[in-house]
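Notes follow once the structure below has been shown.
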Amino acid sequence: MSFHARIEQRLTEKFGKGAFTLKNKSHLHEGHAGHDGSGDSHFLIFLDKNAVQNLSRIECHRMINVLLDDFYKEGLHSVSLRLVDGVQ
């Protein structure tokens, strides 16, 4: 299963459907260090602020890093997080 599918599954288990949007940004890193050519290495998460009401932005980043730690150990290179008012 791809990192995209696994991250989406993990985020759904944690926050529920509709609380986030996951975008694959691997194509923007072709030729860069850390890009393995898989097209499955760099992601951007748009997370609804309501899903993490009482956490600071830094605490949210830490929580996502812990949540995805095993994927990083398997070769996931980068996940960016943006907190937003609602997701599309």
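The values are calculated or read from the model by the stated rules, or taken from the named source; none is laboratory data. Please read these numbers as outputs of a predicted model, since none were measured by experiment. Every residue, glycine among them, receives a Cβ derived from its backbone with ideal geometry; neighbour counts consider all protein chains shown.
Considering only residues in region 39-79 that are within 16 Å of A5 (Cα to Cα) and of a type in the set (S, T, Y), the one that is modelled with the highest pLDDT turns out to be Y72. I'd like the full set of residues that are at pLDDT 95 or above, assigned to a strand (DSSP E or B) and closer than 20 Å to D70 by Cβ, limited to region 1-38. Those that are at pLDDT 95 or above, assigned to a strand (DSSP E or B) and closer than 20 Å to D70 by Cβ: F20, L22. When residues in region 2-22 are screened for being without any contact (Cβ under 8 Å) to a residue 40 or more places away in the chain and touching a helix residue (DSSP H, G or I) at 6+ places or on another chain (Cβ under 8 Å), 3 of them pass. Contact map, region 62-77: first residue among the β-branched types (V, I, T), second residue surrounded by 15 or more Cβ atoms within 10 Å (Cβ to Cβ) and modelled with pLDDT of 95 or more, Cβ cut-off under 8 Å, separation 6 or more or different chains; pairs are I64/I45; I64/L47; I64/L81. Could you please find all residues in region 39-82 being among the hydroxyl-bearing types (S, T, Y) and either in a helix (DSSP H, G or I) or out of contact with any Leu (no Cβ under 8 Å at 6 or more places or on another chain) (or both)? Those that are among the hydroxyl-bearing types (S, T, Y) and either in a helix (DSSP H, G or I) or out of contact with any Leu (no Cβ under 8 Å at 6 or more places or on another chain) (or both): S56, Y72, S78.
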